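*Asks:* One structure coming up, written as structure tokens, with questions to follow.
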Amino acid sequence: MKVNGIARIYYKNYSGFRLSAGFAKGGGISLVYTDCRTTSASQTDSSSLSVYFAAGISISRKNENFRDAMQDIEHRCHSEGINRVRVNTFYPYGYLDDVPMARHKRFVIGQAAVVFTDMLKKAAKTSGGRSLYSDIRTDYDAEGGGKIVLIGHSGGGVASYKAGQLLEEAGYPVTDIIMVGSPQLPIRKNFRDRVYALENSWGDLVCRCGFNLFKPPRNRVRLPIVAGHPCYFCNESKDENNVSNMSKVLDTIWGWVCPTGK
């Protein structure tokens, strides 16, 4: 396109920036590096926080797997003086509610296949990552504010990491990505201090899936989780000391992400 007699070429937006090169009639060249990110006061407000849970596979919305955890997060935020809190749950790989019982097994196998392929793809090519990214953008622009924390369980951890990359590239303030009982992924250098892995110290086959070679997250914790992989956020599953899985998991997560503790 031409602006004031100058032919201008715009390069691809990357990480919220745009580089344009202008070629004037006299042969001169101008380069413009523009910050296109939409950081507002509400995005950097320390009294606001947006927390998004991402479910894995073989999940029904009616079970409200994250209900208690969401309420707990809200309570912790208010106790720390964070008055504006947005907490929501998304299902980047779908849910079982509308699937006939006879097709459940096939549906879950399909979900697992999509998670596996997402593990191998760049963020912009993933199914779960793009779905979660779109849901969070819509919700955050309408109801959210402050920094963004992503908490993904199982395959939802894969979607959370991929969506986190896309959100940051679009200029959203992603501060922490928590992968709970999730497959292993190689983590980008600029994310390694912001990605946290939480696993069952008694063993979790899902956490043995995947690979991260020499690019693991720098923050990894193993906790004893009663009743196994589906129960990281269960308030009813308790150990011999009457401490629930949810309390252990959220105490650990809050130690990582508490805005007033950083």
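The values are calculated or read from the model by the stated rules, or taken from the named source; none is laboratory data. A quick note: this is a predicted structure, and the numbers were derived from the prediction, not measured. Reconstructed Cβ throughout: ideal geometry from the backbone, glycine too, with neighbour counts over all protein chains shown. Just so you know, the surface numbers come from the protein's heavy atoms only, side chains and all, with ligands and any DNA or RNA stripped out. Shrake-Rupley method; radii C 1.70, N 1.55, O 1.52, S 1.80 Å.
*Asks:* With respect to the numbered conditions (1) in contact with a strand residue (DSSP E or B) (Cβ under 9 Å, 6 or more places away or on another chain); (2) open to solvent by 10 Å² or more (accessible area, probe 1.4 Å), which one is the sole condition not fulfilled by Tyr95?
*Replies:* (1)
*Asks:* Something else: Would you mind finding the one in Gly157, Gly110, Gly144 that is touching a strand residue (DSSP E or B) at 6+ places or on another chain (Cβ under 8 Å), under 17 Å from Ala55 (Cβ atoms) and open to solvent by less than 50 Å² (accessible area, probe 1.4 Å)?
*Replies:* Only one candidate passes the filter, namely Gly157.
*Asks:* Listed residues Arg137, Arg76, Arg103, Arg67; which is open to solvent by 10 Å² or more (accessible area, probe 1.4 Å), over 11 Å from the mean Cα position of the chain (by Cα) and in contact (Cβ under 8 Å) with a residue 40 or more places away in the chain?
*Replies:* None of the other options fit; the residue is Arg76.
*Asks:* Name the single residue that is nearest to the chain's Cα centre (by Cα) among those in the stretch 167-189 being part of a strand (DSSP E or B) and among the β-branched types (Val, Ile, Thr).
*Replies:* Here the residue is Ile177.
*Asks:* Quick one: count up the residues across the stretch 156-190 that are of a type in the set (Ser, Thr, Tyr), touching a residue at least 40 places away in the same chain (Cβ under 8 Å) and in contact with a Leu (Cβ under 8 Å, 6 or more places away or on another chain).
*Replies:* Looking only at that region, the number is 1.
*Asks:* Could you tell me which numbered condition Gly129 fails, if it satisfies all but one of (1) closer than 23 Å to Phe66 by Cα; (2) out of contact with any helix residue (DSSP H, G or I) (no Cβ under 7 Å at 6 or more places or on another chain)?
*Replies:* Among (1) closer than 23 Å to Phe66 by Cα; (2) out of contact with any helix residue (DSSP H, G or I) (no Cβ under 7 Å at 6 or more places or on another chain), the lone unmet condition for Gly129 is (2).
*Asks:* Another question, if that's okay. When you check Asn235 against the structure, is it within 18 Å of Asp251 (Cα to Cα), open to solvent by 60 Å² or more (accessible area, probe 1.4 Å), not in a strand (DSSP E or B) and not charged (D, E, K, R), yes or no? Reasoning before the result, please.
*Replies:* Working: within 18 Å of Asp251 (Cα to Cα): yes; open to solvent by 60 Å² or more (accessible area, probe 1.4 Å): no; not in a strand (DSSP E or B): yes; not charged (D, E, K, R): yes.
Taking the combined requirement at face value, the residue does not satisfy it.
*Asks:* Another question, then. Quick one: Pro173 ticks every box in (1) within 20 Å of Gly128 (Cβ to Cβ); (2) open to solvent by less than 60 Å² (accessible area, probe 1.4 Å) bar one, so which box is it?
*Replies:* (1)
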